[in-house]
Amino acid sequence: MYIITIDSGTTNSRIRLIKNKQNTVIDVIKKPVGVRNTAIDGTMDVLKNGIAEGLQEIIHRNKLQVKDIQYIVATGMITSNLGLHEVKHIEGPCELEEFAKASSVQIFESFFNIPCIFVPGMKNRIEDYPGNLLENIDLYDVMRGEEVETFGLLHQLGLKGKGMILLPGSHTKFVFVNNRQIESCYSTLCGELLFTVSRNTILSSSLNKELVTGIEREYLIEGCKSSKKFGLTRSLYHVRLLHLFDQMNDNQRANYFVGAVIASDIHSIQKSNRFEHLNWVVIGGANPLRKAFVEIFSHMELSDMVIEASDEQVELSTVIGSIAIGDIVSLNFV
C-alpha cells in the first residue's frame with residue numbers, strides 16, 4: 001500500500017507518494033497553488049483543482065490505482081480558513097497523539113474518495129494576563145505544517161530533553177520542545193522580508209534575484225554585527241551604500257543583507273529569554289538560510305548546542321511526521 005502527503009503553503013503545494021512502512025518517497029509533484037490563490041480569488045477552486053490534478057498525475061504516472069492508496073495526509077495552510085478544510089488550532093503544549101486526535105478525516109470526490117486526514121496547527125497557550133492584548137501580544141503565536149516537521153526531525157535525530165527546532169522559510173519558526181512535546185512556537189517574517197525587500201525596493205538593484213548563491217561568512221557576520229549596532233532598517237540601507245561606495249559583489253552584499261535580518265530574528269529570541277535552559281538547538285529548513293543561521297549561531301559561540309539537519313533529514317521530516325499522525329488516525333477507519 002501507498003500513502004500520499006500534501007504539504008501546502010501560501011504559494012506552493014508539494015504532493016509526495018510514499019511507500020507505506022518504509023517512509024520511502026517514490027515521487028514528488030510541486031504545484032504552484034496555495035492559499036494565496038484563495039485569498040486573491042475569493043474561492044478555493046484553484047487550490048482544490050490544482051491539488052486534484054497533482055493527485056491524479058502522481059497516481060497515474062506511477063501506474064497505481066486508487067485502491068493502492070491507503071490514505072492522504074494534508075498539512076500546512078491547506079487546513080486554515082483559506083484552505084480546503086479548516087481545522088482549528090489546538091493549544092500547546094501538545095504531543096503527537098494530540099495532533100492525531102484533533103485531525104479531521106474528509107472524503108472528497110475530486111480526491112478519488114480516498115480518506116484525507118487534515119492535521120491541525122498549534123497555537124500558544126495564553127494564561128489570563130492582566131492588561132490588554134497589546135501588552136502581551138508577543139506571547140501569542142501560531143503554526144501550521146511545522147508541527148509535522150518538528151516531530152519528523154525529533155524522530156530522526158532521537159533527541160530528548162528541552163530544545164528548540166529552528167525552521168527557516170517564508171516565516172521563520174522557532175519551535176520549543178520538551179521531551180517530544182511541542183510547548184510553544186515563535187514566528188518571524190524573515191523569509192518574506194528577505195524576498196520583498198530584495199525584489200520590491202531600491203535594494204533590488206544592489207542584489208541579484210537568487211539573493212545568496214553561497215555563504216560568505218565574513219560578510220554574513222558583518223551584517224549581523226551591523227544590525228545589532230545600528231538597527232535593522234539602517235543596516236538594510238547599508239546594502240545600497242556598499243553598492244555605491246565599495247567593491248563588494250552581489251553575493252557578498254546579499255550575505256550582509258541576510259546577516260542583518262537573521263540577527264534581528266535571533267535578537268528577538270534572546271530578548272524573550274527563550275534560549276535559557278536549552279539542551280540543544282536543531283536548525284532545519286532549506287539552504288542557504290539553514291547554513292546562514294548555523295554560521296551566525298557559531299559566531300554567537302552557541303555552536304556547541306547546535307545540530308544542523310541534513311538535506312535528507314529536512315526532506316523526510318514532513319513525511320515522517322505526517323505518517324506518524326496518519327497511522328494513528330487511520331486505525332479508526334482501516
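The values are calculated or read from the model by the stated rules, or taken from the named source; none is laboratory data. For clarity, every value in this text was computed on a predicted model and none was experimentally measured. Backbone-built Cβ (ideal geometry, glycine too); neighbour counts: all protein chains shown. Ligands, DNA and RNA are excluded from the accessible area calculation, which covers all protein heavy atoms including side chains. Shrake-Rupley method; radii C 1.70, N 1.55, O 1.52, S 1.80 Å.
Summary of computed values
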{"quantity": "Surface per residue (accessible, 1.4 Å probe) for the stretch 204-334, Å²", "calculated": "48"}
{"quantity": "Within the chain: Cβ-based charge dipole about Cα centre, in debye rounded to nearest 20 (Lys, Arg +1; Asp, Glu -1)", "calculated": "440"}
{"quantity": "Signed unit charges on C-beta, dipole axis of the chain, positive-most listed residue N23, S8, N49", "calculated": "N49"}
{"quantity": "The stretch 186-295: radius of gyration and largest Cα-Cα distance (Dmax), Å", "calculated": "13.8, 44"}
{"quantity": "Kirkwood hydrodynamic radius of the stretch 1-83, from inverse mean 1/r over distinct Cα pairs, in Å", "calculated": "12.9"}
{"quantity": "DSSP beta bridge pairing in the chain, given as percent antiparallel to the nearest 5", "calculated": "65"}
{"quantity": "Estimated distance in nm for a label pair at Q270 and T213, the labels positioned 7 Å out from Cα along Cα-to-Cβ", "calculated": "3.2"}
{"quantity": "Set of aspartates and glutamates with alpha-carbon distance to K67 below 19 Å, sequence-local pairs under 8 removed", "calculated": "D27, E53, E57, E109, D327"}
{"quantity": "Largest-first principal axis extents of the Cα set of the stretch 62-116 (Å)", "calculated": "42, 24, 17"}
{"quantity": "Low-density loop positions, GluC sites (Glu not before Pro), the stretch 205-309 - DSSP coil, at most 12 other Cβ in 10 Å", "calculated": "E210, E276, E301"}
{"quantity": "Debye-sum result for the chain in log10 I(q)/I(0), which assumes one identical scatterer on each alpha carbon, at q = 0.06, 0.15 Å⁻¹", "calculated": "-0.23, -1.27"}
{"quantity": "24 Å Cα-Cα reach of K229 towards lysines, excluding residues that sit fewer than 8 places from it in its own chain", "calculated": "K271, K291"}
{"quantity": "Total charge dipole magnitude, the stretch 16-90, about the Cα centre, Cβ charges on Lys, Arg, Asp, Glu only, Debye to nearest 20", "calculated": "340"}
{"quantity": "Residue-by-residue Karplus 3J(HN,Hα) for the stretch 241-246, coefficients 6.51, -1.76, 1.60, Hz, glycine and proline x", "calculated": "5, 5, 6, 6, 10, 10"}
{"quantity": "Taking only Cα atoms of the stretch 82-193, radius of gyration then Dmax in Å", "calculated": "15.6, 51"}
{"quantity": "Helical mean residue ellipticity (222 nm; -39500 (n - 2.57) per DSSP H run of 4+; nearest 500) of the chain", "calculated": "-13000 deg cm²/dmol"}
{"quantity": "Accessible surface of the chain [probe 1.4 Å, protein heavy atoms]: carbon and sulfur percent", "calculated": "48"}
{"quantity": "Calculated from backbone phi, Karplus (6.51, -1.76, 1.60) coupling profile of the stretch 189-195 in Hz, x at Gly/Pro", "calculated": "9, 3, x, 5, 5, 4, 5"}
